[in-house]
1. Please list, ordered by first then second residue, the pairs with beta carbon atoms under 8 Å, 6 or more apart or interchain, first in segment 216-232 and polar (S, T, N, Q), second assigned to a loop (DSSP other than H, G, I, E, B).
2. Pull out all pairs, ordered by first then second residue, where Cβ-Cβ is under 6 Å, the residues are six or more apart or on different chains, the first lies in segment 174-202 and is more than 23 Å from residue 136 (Cα to Cα), and the second is among the charged types (D, E, K, R) and part of a loop (DSSP other than H, G, I, E, B).
3. Counting just the residues of segment 189-200 that are closer than 19 Å to residue 250 by Cβ and of a type outside the set (D, E, K, R), which one comes out surrounded by the most Cβ atoms within 10 Å (Cβ to Cβ)?
4. For segment 110-145, which residues satisfy the criterion of being closer than 22 Å to residue 180 by Cβ, within 41 Å of the chain's Cα centre (by Cα) and without any contact (Cβ under 8 Å) to a residue 24 or more places away in the chain?
5. If a residue has to be among the aliphatic types (A, V, I, L, M), surrounded by 14 or more Cβ atoms within 10 Å (Cβ to Cβ) and not in a loop (DSSP other than H, G, I, E, B) to count, how many in segment 146-188 make the cut?
6. Take residue 233 and tell me if it is among the acidic types (Asp, Glu) and either at pLDDT below 95 or surrounded by 21 or more Cβ atoms within 10 Å (Cβ to Cβ) (or both).
7. Filter segment 189-219 down to residues that are touching a helix residue (DSSP H, G or I) at 6+ places or on another chain (Cβ under 6 Å) and assigned to a loop (DSSP other than H, G, I, E, B), then give me how many there are.
Amino acid sequence: MAARKGSQARSSLRNRSVGCLFWICLLAIIVAVGYAARGQISDTFTRLMGGRTPADSRQPAMHPEVSREPMRDANPPQEMSPDRQSTQNPVRSPSATTERVAATSRAPAAPQAEKPAIRKTRLFFLSVDPGGAITMKGVVRPIPQSDSPLRDTLEALLKGPTAQEINLGLLTMIPSGTTLRGVTVRGDIAYIDFSQSFRFNSLGLEGMRAQLRQVVYAATEFPTVKRVQVLIEGKKVDYLGTEGVRIDQPLTRSAF
């Protein structure tokens, strides 16, 4: 009986030893597994705690330090005189900018040609009254100014009266087709060279005298001209027509 009880006691002790050994092995396995997966466990715990680690949860939140001392600029602004400030930072008004943009957007204007200077000259035309008497009338005409005012005056005379002057009853006795070949002034004599058409006038002696009078009066309007020598094709001739008015000598106003 005593031997049986001793055998049961030894069996119970052996069972308890095996149980303790089992729990010790199981605890060692759990510790080893936990140590190996400590990083993953920490991340999982951080996500569950809203991004805070257990150590963070135990410590109060740290706030950034704020300095109440005003910041000092490493390069403090330099004082400058008003003149220098206006030079470096010119103030541009909106109107000036608008005018500059408008000026650049406009196309360059074409240069305007200068208008020639105008001078007034006196031309002489004729009128015929109902009785057939011929009278001469002066007309002031503006013409462009040039270096040959006498030639310009005679050229205008050969063109005849304008439409307005014709309506006033003025006409010319200089034969149609007459051209001016040249004008030369020597002393107080103007040598005026006409084409051959000037020599013949279909109106006879009165027409010849009237045409010479027109030329002489127009030329002697210039203070430097006192007499007029008429030339035909560059030469002196004795008469206009066959034996009309003598023109081999210089003519004056008093000759008419």
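1. The qualifying pairs are 220/226; 220/252; 224/188; 229/236; 229/249; 229/250.
2. 188/226; 196/233
3. Just the residues of segment 189-200 that are closer than 19 Å to residue 250 by Cβ, to begin with: 189-194, 198-199.
Add one more test, that the residue is of a type outside the set (D, E, K, R), and what stays is 189-192, 194, 198.
On the way: 189: 16, 190: 24, 191: 17, 192: 24, 194: 23, 198: 27.
Ranking the candidates gives 198 first.
4. Within segment 110-145, 120, 141 meet the criteria.
5. Residues that pass the stated criteria total 9.
6. Numbers: among the acidic types (Asp, Glu): yes; either at pLDDT below 95 or surrounded by 21 or more Cβ atoms within 10 Å (Cβ to Cβ) (or both): no.
No, not satisfied.
7. So the count comes out to 1.
The values are calculated or read from the model by the stated rules, or taken from the named source; none is laboratory data. From a predicted model like this one, the values you see are computed outputs, not experimental measurements. Using ideal geometry, Cβ is built from the backbone for each residue, glycine included, and neighbour counts are taken over all protein chains shown.
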